[in-house]
1. What's the total number of residues in region 58-91 that are β-branched (Val, Ile, Thr) and either closer than 23 Å to residue 138 by Cβ or touching an Asp or Glu at 6+ places or on another chain (Cβ under 6 Å) (or both)?
2. Out of (1) open to solvent by 50 Å² or more (accessible area, probe 1.4 Å); (2) outside any helix (DSSP H, G or I), what's the single condition that is false for residue 254?
3. Working carefully through the options 14, 25, find the one that is part of a loop (DSSP other than H, G, I, E, B) and under 22 Å from residue 211 (Cα atoms).
4. What residue, of 238, 277, is under 27 Å from residue 11 (Cα atoms) and surrounded by fewer than 20 Cβ atoms within 10 Å (Cβ to Cβ)?
5. Could you tell me whether any residue of region 174-183 is among the small types (Gly, Ala, Ser), outside any helix (DSSP H, G or I) and open to solvent by less than 20 Å² (accessible area, probe 1.4 Å)?
6. Looking only at residues that are of a type in the set (Asp, Glu) and open to solvent by 30 Å² or more (accessible area, probe 1.4 Å) in region 28-63, which one is farthest from residue 145 (Cα to Cα)?
7. Could you tell me whether any residue of region 187-198 is touching a residue at least 12 places away in the same chain (Cβ under 8 Å) and within 28 Å of residue 65 (Cβ to Cβ)?
8. For residue 111, which of the numbered conditions (1) open to solvent by 10 Å² or more (accessible area, probe 1.4 Å); (2) in contact with a Ser or Thr (Cβ under 6 Å, 6 or more places away or on another chain); (3) more than 22 Å from residue 49 (Cβ to Cβ) fails to hold?
Amino acid sequence: MSRILVIGGSGFIGSHLTAACLKAGHETAYTYATRQVPLEAKVYQIALEREDKRLVECLQDFRPEVIYYSAVPPFVYSAGHDLQQQISVEGVRRTLAELKRVNPKALFVYLSTNTVFGNGRGLYREEETPDPELRHDPYRVYAITKAAGEQSSLKNWPNTIVARTSVVDGRDLSGALYPRLQKMVEQLQAGQTLLRFRDRFISPTLVNNLVEALLEVANSEFTYRGVLHLAGSERVTDFQYGRYLARQLGLSEELIQAESMANSPAMANSPSDHSLDVSFSQSLLHIKLLGVKEQLACIFD
């Protein structure tokens, strides 16, 4: 068993990760900014948006063997560059500087995102170079700072895994659906027609499946270090995902209607293909990265 610290452990992914570490028998702690979660783990309140001595105190006190860095700014669409830079880049730098003093052999797992790619080609592989500066949509600042956080992690800490994921859905620890998915379900159950993009490709990911993969890569037997794509195994359009969802709910697929990104001012400048190629990661993992139908069955069955 390991001493595991989840930085950003009160968020959607972070809280699931903290719970899974506890269930696996690890000595577990997590950090939060403003809201705790009801878990029997050691807790540290830390402000990552600035230099906070409580980060140093946390690392010195807990002396983690594994750190998952899952902190993200709230409202990534609208958060300014300074806030995102502090949380996604400077927070990493400060964490690794102190970790070098308390446990230079620790494993550092930086949770990143498919949005670091901006050219819209899709099915990105781990060895491809991020190009977030090509984005000109609401994710631009988030993408640029997450890419910088990846580089800071890989450059300054050899014992690093950068885990990129994509469009994470599921239920929170209380059983409530993720808000994006909840809204779709409510509209479909009300008999409302949903317009979904036929030309936007994604790699939907089930939060529980992602967490399973994250726990496996921290196992002492998993020796690969570098970038991994930990996402769902299936590349689908928003339209296809919507139809899968309607079918899972026992509703008419005709409630999902196709639309083009070109007709949406908010999405007109967004890359059309966000999908990740997970074949390399899957070749290293024992757990199976799930397709969309399997994910929806896990959520609703």
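1. 4
2. All conditions are met except number (2).
3. Every option except 25 fails the conditions.
4. 277
5. Within region 174-183, not a single residue is among the small types (Gly, Ala, Ser), outside any helix (DSSP H, G or I) and open to solvent by less than 20 Å² (accessible area, probe 1.4 Å).
6. Selected residue: 40.
7. Looking through region 187-198, none of the residues is touching a residue at least 12 places away in the same chain (Cβ under 8 Å) and within 28 Å of residue 65 (Cβ to Cβ).
8. It is condition (3) that residue 111 fails.
The values are calculated or read from the model by the stated rules, or taken from the named source; none is laboratory data. The model shown is predicted, which means the values in this text are computed figures rather than measured ones. As a convention, Cβ positions derive from the backbone with ideal geometry for all residues, glycine included, and neighbour counts pool all protein chains shown. Quick note on the areas: whole protein, heavy atoms, side chains included, nothing else; ligands and nucleic acids left out. Shrake-Rupley method; radii C 1.70, N 1.55, O 1.52, S 1.80 Å.
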